[in-house]
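Asker: Attaching a single structure in structure tokens format; questions to follow.
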Amino acid sequence: MARVFKRKDRLSAMSEINITSLLDLVFCLLIIFMITTPLMEQTIPVNLPAQARNPSADRDTKLKYVAVTISKDGLYTFEKTPMTLDELGGKFKELAAQPDPPVVSIRGDEDARYGAVAKVYTIFKEAGLTKMDSDYQVSK
């Protein structure tokens, strides 16, 4: 059935809504938001927290955890045993060879150099381990 565009009574109000101007406004806002959103993401300041989260609050009790600690002097400790980077790499390879390797928790002191922590991450990845949990401990 064809639509008739003639109105019988020219003095009566039109019952149809003209949404052309509304669509123009929506498209204009869409373009504005598409342009401004990437700019807002690049200017977000990042402040690191002053206190670490509670490491045992959200841990799965079924998994086994081992801890590697990096002190502010750059000393590495695996489960309370001081180690060098080579010894730590050997220990990571032993853990990777297990059928169900534990989750390695890498903990760094607030004053530890980032390079010391990055070395542990590199050794962790080279050993083939995949389960990691990191805690950033703040010393007072």
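The values are calculated or read from the model by the stated rules, or taken from the named source; none is laboratory data. Everything numeric here is computed off the predicted structure, so don't read it as measured data. As a convention, Cβ positions derive from the backbone with ideal geometry for all residues, glycine included, and neighbour counts pool all protein chains shown.
Residue by residue, here is whether (1) among the hydrophobic types (A, V, I, L, M, F, W, C); (2) modelled with pLDDT under 85 holds:
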position: F27; (1), (2): yes, no
position: I31; (1), (2): yes, no
position: L39; (1), (2): yes, yes
position: S56; (1), (2): no, yes
position: D60; (1), (2): no, yes
position: P99; (1), (2): no, no
position: G128; (1), (2): no, no
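Asker: What's the total number of residues in segment 72-103 that are free of Cβ contacts under 8 Å to residues at least 24 places away in the same chain, basic (K, R) and part of a helix (DSSP H, G or I)?
Answerer: Qualifying residue count, segment 72-103: 1.
Asker: Kindly indicate which of A2, A52 is surrounded by 10 or more Cβ atoms within 10 Å (Cβ to Cβ) and at pLDDT below 70.
Answerer: Values: A2 fails: surrounded by 10 or more Cβ atoms within 10 Å (Cβ to Cβ).
Exactly one of A2, A52 is surrounded by 10 or more Cβ atoms within 10 Å (Cβ to Cβ) and at pLDDT below 70, namely A52.
Asker: Which number in (1) touching a strand residue (DSSP E or B) at 6+ places or on another chain (Cβ under 9 Å); (2) without any contact (Cβ under 8 Å) to a residue 40 or more places away in the chain marks the one condition that T61 misses?
Answerer: The failed condition is (1).
Asker: Inside segment 76-114, can you point out the residues that are touching a helix residue (DSSP H, G or I) at 6+ places or on another chain (Cβ under 8 Å) and of a type outside the set (A, V, I, L, M)?
Answerer: Y76, F78, G89, F92, P101, P102, G108
Asker: Return yes or no: is V117 under 14 Å from K64 (Cα atoms), at pLDDT below 90 and either surrounded by 18 or more Cβ atoms within 10 Å (Cβ to Cβ) or in contact with a helix residue (DSSP H, G or I) (Cβ under 9 Å, 6 or more places away or on another chain) (or both)? Can you show your working first?
Answerer: On the way: under 14 Å from K64 (Cα atoms): no; at pLDDT below 90: yes; either surrounded by 18 or more Cβ atoms within 10 Å (Cβ to Cβ) or in contact with a helix residue (DSSP H, G or I) (Cβ under 9 Å, 6 or more places away or on another chain) (or both): yes.
No: the conditions fail for V117.
Asker: Report every pair of residues separated by at least 6 positions or lying on different chains whose Cβ atoms are under 9 Å apart, first residue within segment 104-119 and over 18 Å from E87 (Cβ atoms) and free of Cβ contacts under 8 Å to residues at least 24 places away in the same chain, second surrounded by fewer than 18 Cβ atoms within 10 Å (Cβ to Cβ) and of a type outside the set (D, E, K, R).
Answerer: Partner pairs satisfying both residue conditions: G115/G74.
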